[in-house]
Amino acid sequence: MAYSDKVLDHYNNPRNVGSLDKKDPDVGTGLVGAPECGDVMKLQIKVNPDTGIIEDAKFKTFGCGSAIASSSLATEMLKGRTVDEALQIKNTEIVNELSLPPVKIHCSVLAEDAIKAAISDYKAKAGVDAGAAQTA
Amino acid sequence: MLKFPIYLDNHATTPMDPRVLDAMLPYFQDLFGNAASRNHSFGWAAEEAVEKARKQVAALIGATSKEIVFTSGATESNNLAIKGAFEMYAQKGNHIITAATEHKAVLDTCKRLEKHGARVTYLAVRPDGLIDLDLLRESITDKTILVSIMYGNNEIGTVQDIPEIGRICRERGVLLHTDATQAAGKIPVNVNSDNIDLLSLSGHKMYGPKGVGALYVRRKNPRVQLTAQIDGGGHERGMRSGTLNVPGIVGLGKAAELSAQLMPEESVKHAAMRDRLQSLLTAELDEVYINGTMERRLPHNLNISFAYVEGESLLMGINDIAVSSGSACTSATLEPSYVLKALGAGDDLAHSSIRFGIGRFTTEEEIDYTAAKVTDVVKKLRELSPLYEMVKEGIDLTKVEWSAH
């Protein structure tokens, strides 16, 4: 099958590859997918606690070219948005931007799941911290 | 000098040998006759060419020319062998034994027959890809009419012990069909010493043309009869009607003759290239797994899983090399290879597998380039792989709660 130029570009030059410190309270980590399904995405965000803005995002993906491109694009979309804005990102934006064919739509769904999982991890951690601050 | 793209997918199909093309060309125009035309020279010339090809194909597998039925390819041969035997021997029984790692042309044929009253046993294979001969023995009942086990596997290249399987079938009075599409012309196959009753082969897997194949049907000890699946003018001793594809058959014959001649030299050369590719890849990369036994394997096959790297993304990175993957993303069904799954290695390794198929025109330079390129891309993709990172951190991936989707 032929890949779109944008998928090829993200595959050949993936953006924001890497890992952030999972233990950092400002970092949210999402790990979605499963090895036996053929794709696993790890997506991390680092949030500025004062502004609520995502200042950094990193990913690592085991999966096909479209899965790699979807998560690479997701990290680009996340940076500079607030956590609440990031929650609005829909997989269809990724599909359109990368011109994904129907059989690859699940890759974009997985990327959206990864975003949501990372944010929910961040919120859970922030919530615990806030709780701790209140009781102190 | 390397020429791109490099073709290492010779299990899918092979390029035609120029000598095969030369042999075929006259039969498209000057010698265009119908081999069934009995009363003029056009027909005689075509018939003579077909009979020569029949001898060439027979010689490749130790058969006699009267035992060769020309078909459109191995898929048709498999269909004719299994459906034809099922119908013909309905009085004797309805039980067929095959294996989980067979080609779909065998498995789906068996599945269809199940709707028509067949009882089919799909033998599991051992982790090395071979069937358990004791399991085969135990599976044969007095209702068993046919055992269909492929000679060499199209994905993992494993070579079943057909001579022994044939002996077991002969002892129990059961017919043996073997799909020898990948093995014929690559390793010695002999219908007599291997006790084979029915054998399928294809032209385009041995440097011949597409759209032509053959079914060997034993004529003596025992005489095997099949119910025709295509009715018409009664060609091919009534077993396969339809005007003979004379140029294709000539090509198949020539391809069979060349393969028989070249086999001693080619099988050694290809095995050496295969072993070189394997050692280059394993020297540079960790967590590389060979799928299927190396002990009994087609000389031109290597099937490797590069753990923590998904197959399609690897193919994308080596886009100047033509190979196949068992990954779900590369299949029409979006399911990972059922052959690799049958080995019990886990779906994750099926997703990470690449099949290399060496051919007559492969060069050592191409092998070296391929090894270097694959190594580079696997390393790059492992940098990108959360799984590789987790394993390096000491996390046991089997203990992680994955969100299967």
(message) Residue under question is B:LEU136, and the condition is that it be touching a helix residue (DSSP H, G or I) at 6+ places or on another chain (Cβ under 7 Å) and part of a helix (DSSP H, G or I); does it hold?
(response) yes
(message) For the range B:64-86, give me each residue that is more than 17 Å from B:SER200 (Cβ to Cβ) and charged (D, E, K, R).
(response) B:LYS66
(request) Return the residue satisfying two criteria in turn: it lies in the range A:111-123 and is within 20 Å of A:GLY38 (Cα to Cα), touching a Gly at 6+ places or on another chain (Cβ under 9 Å) and small (Gly, Ala, Ser), and of such residues it is nearest to the other protein chains (Cβ to nearest Cβ). (result) A:ALA117
(request) Please specify each residue of the range B:90-104 satisfying the condition of being buried (at least 20 other Cβ atoms within 10 Å of the Cβ) and either outside any loop (DSSP other than H, G, I, E, B) or out of contact with any helix residue (DSSP H, G or I) (no Cβ under 6 Å at 6 or more places or on another chain) (or both). (result) B:HIS95, B:ILE96, B:ILE97, B:THR98, B:ALA99, B:GLU102, B:HIS103
(message) Going through B:THR144, B:THR109 one at a time, which residue ends up being modelled with pLDDT of 95 or more, buried (at least 18 other Cβ atoms within 10 Å of the Cβ) and in contact with a Gly (Cβ under 8 Å, 6 or more places away or on another chain)?
(response) B:THR144
(message) Pairs needed: first member in the range B:334-358, in contact (Cβ under 8 Å) with a residue 60 or more places away in the chain and assigned by TED's automatic domain parsing to the domain that holds B:GLY317; second member anywhere, of a type in the set (Asp, Glu) and in a loop (DSSP other than H, G, I, E, B); C-beta distance under 9 Å; at least 6 residues apart or different chains.
(response) B:SER337/B:GLU155; B:VAL339/B:GLU102; B:VAL339/B:GLU155; B:LEU340/B:GLU155; B:LEU343/B:ASP128; B:SER353/B:GLU155; B:ARG355/B:GLU155
(message) Just to be sure I understand, how many residues within the range A:78-110 are assigned to a loop (DSSP other than H, G, I, E, B) and within 14 Å of chain B (Cβ to nearest Cβ)?
(response) 2
(message) Residues to consider are A:GLY38, A:GLY30; find the one that is under 12 Å from the mean Cα position of the chain (by Cα) and within 11 Å of chain B (Cβ to nearest Cβ).
(response) A:GLY30
(message) So, restricting to strands (runs of 3 or more DSSP E) that lie completely within the range A:27-71, which ones have at least 1 residues that are surrounded by 21 or more Cβ atoms within 10 Å (Cβ to Cβ) and free of Cβ contacts under 8 Å to residues at least 24 places away in the same chain?
(response) A:39-47, A:54-62
(message) Among (1) touching a residue at least 40 places away in the same chain (Cβ under 8 Å); (2) farther than 20 Å from B:MET316 by Cα; (3) surrounded by fewer than 19 Cβ atoms within 10 Å (Cβ to Cβ), there is one condition A:SER99 misses while meeting the rest; what is its number?
(response) (2)
(message) Out of B:TYR308, B:TYR388, I need the residue that is assigned to a loop (DSSP other than H, G, I, E, B) and touching a helix residue (DSSP H, G or I) at 6+ places or on another chain (Cβ under 9 Å). Which one?
(response) B:TYR308
(message) Every residue in the range B:78-89 that is under 19 Å from the mean Cα position of the chain (by Cα) and either under 19 Å from B:ARG137 (Cα atoms) or not in a helix (DSSP H, G or I) (or both), please.
(response) none
(message) Based on this model, can you work out whether B:GLY251 counts as under 23 Å from the mean Cα position of the chain (by Cα) and surrounded by fewer than 18 Cβ atoms within 10 Å (Cβ to Cβ)?
(response) no
(message) Being part of a loop (DSSP other than H, G, I, E, B), among the basic types (Lys, Arg) and more than 27 Å from B:GLU295 (Cα to Cα) is true for just one of B:LYS205, B:LYS210, B:LYS111. Which residue is that?
(response) B:LYS210
(request) Look at B:SER385 and say whether it is hydroxyl-bearing (Ser, Thr, Tyr), within 11 Å of chain A (Cβ to nearest Cβ) and within 21 Å of the chain's Cα centre (by Cα). (result) no
(request) Considering every residue within the range B:360-370, establish whether at least one is assigned by TED's automatic domain parsing to the domain that holds B:LEU285, at positive phi, in contact with a Pro (Cβ under 8 Å, 6 or more places away or on another chain) and touching a residue at least 60 places away in the same chain (Cβ under 8 Å). (result) no
(request) Would you mind telling me which numbered condition in (1) out of contact with any Ser or Thr (no Cβ under 8 Å at 6 or more places or on another chain); (2) in a loop (DSSP other than H, G, I, E, B) B:ARG237 fails? (result) (2)
(request) Please work out which residue is nearest to B:LEU201 (Cα to Cα), limiting yourself to the range B:12-46 and to residues that are in a helix (DSSP H, G or I) and among the aliphatic types (A, V, I, L, M). (result) B:VAL20
(message) Out of everything in the range B:315-328 that is in contact with a helix residue (DSSP H, G or I) (Cβ under 6 Å, 6 or more places away or on another chain) and more than 26 Å from B:MET150 (Cα to Cα), what residue ends up being farthest from the other protein chains (Cβ to nearest Cβ)?
(response) B:ILE321
(message) Can you find, within the range B:1-55, the residue that is surrounded by the fewest Cβ atoms within 10 Å (Cβ to Cβ) among those that are of a type outside the set (A, V, I, L, M, F, W, C) and touching a Leu at 6+ places or on another chain (Cβ under 7 Å)?
(response) B:ARG19
(request) Select from the range A:10-26 the residues that are in a helix (DSSP H, G or I) and touching a residue at least 40 places away in the same chain (Cβ under 8 Å) and write down the one among them that is surrounded by the most Cβ atoms within 10 Å (Cβ to Cβ). (result) A:HIS10
(message) Contact list please: Cβ distance under 9 Å, first residue in the range B:152-173 and assigned to a loop (DSSP other than H, G, I, E, B), second residue surrounded by 16 or more Cβ atoms within 10 Å (Cβ to Cβ) and of a type in the set (Phe, Trp, Tyr), pairs at least six apart or on different chains.
(response) B:GLN160/B:TYR151
(request) Could you list all residues from the range B:329-360 that are in contact with a helix residue (DSSP H, G or I) (Cβ under 7 Å, 6 or more places away or on another chain), farther than 17 Å from B:LEU381 by Cβ and within 13 Å of chain A (Cβ to nearest Cβ)? (result) B:LEU334, B:GLU335, B:PRO336, B:SER337, B:LEU340, B:LYS341, B:GLY346, B:ASP347
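The values are calculated or read from the model by the stated rules, or taken from the named source; none is laboratory data. None of the values given here were measured: they were computed from a predicted structure. Cβ sites come from the backbone with ideal geometry, for glycine too, and all protein chains shown count toward neighbours.
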